[in-house]
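One structure below.
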Amino acid sequence: MYHKLMTCLNSVKEKIDLKPEVALVLGSGLGDFADEIKIVDTIAYTDIEGFPVSTVKGHKGRFVFGYVKKTPVVIMQGRVHYYEGYPMSDVVLPIRLMGMLGAKKLLLTNAAGGCNPDFQPGDFMVITDHIATAVPSPLIGPNIEELGTRFPDMSEVYSKRLQSVIENCAKECGIEVQKGVYVQFTGPNYETPAEVRLARIWGGDAVGMSTACEAMAAHHMGMEICGISCITNMAAGISKTELSHKEVQETADRVAKSFKELVTKIIVFM
Ligand code: HPA
């Protein structure tokens, strides 16, 4: 795995000079943030040797390098999901790559279903913690000693400092944010109502198909992490209607403008 990582890293470094400070992952329907920044360079995942390639509609599948105000960033416009069939070690490879390019801070975003009945579609949720029990750990397999320790602590995966940064930025933008625990399931199917009740009993506030595994891999290698879920729908059983990817994208589109404003501010203050 380390060898594969180094091959991808060298392939990217051949094409890119920019050393990012912040890494950003854009979730479903939130990808057009990357079109608004000062872009220096882009690399399609397909142009990186050995790189897993995203196949989801609405996910572009490229790294964007550039500046948000004065901060050098690397953005994943489209992530790799476990449900696409890749092993977890491949799913988190891009995250590790961004860390190895020099990004010490990571902002993860996603579209998620709300299982906290106080939430509404269109809400943003600051991720305070996650539950990844329903998916394999990305750290299973031989430990990559170059990245981190075999048995990493997970007491504060989502940096308290960065959670405050998000809350303060939201306040300045006049955007209300929720806080809560993200539960990762494998997807690609949405959850059953019983699974959503389980997530709620576990202490979850939102359910989704990504992010927690990425946060674990990033935390393992010492990155400082924060995350925002866009609650695009109420989760199955709470929602009165059937779930669809269309609904997810429509809600994401509806809040895109305030999302972009918020993310821009957060990156400046990270
Ligand atoms: N469940 C899982 N993933 C999701 C959902 C959901 O309800 N909405 C957006 N992504």
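The values are calculated or read from the model by the stated rules, or taken from the named source; none is laboratory data. Just so it is clear, the structure is predicted and the values come from calculations on it, not from any experiment. Don't worry about glycine lacking a Cβ; one is built from the backbone with ideal geometry, like all the others, and counts go over all protein chains shown. Surface accessibility is based on the protein's heavy atoms, side chains included, excluding ligands, DNA and RNA. Shrake-Rupley method; radii C 1.70, N 1.55, O 1.52, S 1.80 Å.
Data overview
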item: In Å, descending, principal axis extents of the Cα set of the range 127-250; result: 48, 38, 26
item: Largest-first principal axis extents, alpha carbons of the range 109-167, Å; result: 42, 27, 17
item: Mean shadow area of the range 71-151, taken as a quarter of the surface of its Cα convex hull (nm²); result: 7.4
item: At 0.692 mPa s and 37 °C, Stokes diffusion of the chain via Kirkwood alpha-carbon radius, µm² per second; result: 179
item: Protein accessible area in the range 212-270, 1.4 Å probe - carbon and sulfur %; result: 52
item: Over the chain: helical MRE at 222 nm, DSSP H runs n ≥ 4 each giving -39500 (n - 2.57), nearest 500; result: -9500 deg cm²/dmol
item: Calculated SAXS-style log₁₀ I(q)/I(0) at q = 0.25, 0.28 Å⁻¹ - the range 1-48, Debye, Cα scatterers; result: -1.17, -1.23
item: FRET E, pair ASP17, SER244, Förster distance 45 Å, beta-carbon r, rounded to 0.05; result: 0.60
item: Pairwise centroid distance, computed over Cα atoms, of the range 1-52 with the range 235-270, Å; result: 23
item: Inter-label distance, nm, simple model (7 Å from Cα along the C-beta direction), ASP41/SER258; result: 3.7
item: The range 151-257: GluC sites (Glu not before Pro) in DSSP coil with no more than 10 other Cβ atoms inside 10 Å; result: GLU176, GLU242
item: Cα gyration tensor shape of the range 1-88, rounded if a/c is under 1.5, else prolate or oblate by comparing a/b with b/c; result: oblate
item: For the range 190-270, radius of gyration divided by Kirkwood radius, i.e. Rg to Rh on alpha-carbons; result: 1.02
item: Surrounding net charge for ASN116, when Lys and Arg each add one and Asp and Glu each subtract one, Cβ distance under 11 Å; result: -1
item: Solvent exposure of the chain as accessible area per residue, Å², 1.4 Å probe; result: 43
item: Dipole magnitude of the range 126-270, debye to nearest 20 (Cβ charges: Lys/Arg +1, Asp/Glu -1, about Cα centre); result: 300
item: Residues of the range 207-241 with amide N under 18 Å of a point placed 7 Å along Cα→Cβ from PHE151; result: 220-221
item: Total lysine pairs under 17 Å (Cα atoms) in the range 94-249, excluding pairs fewer than 8 apart on one chain; result: 5
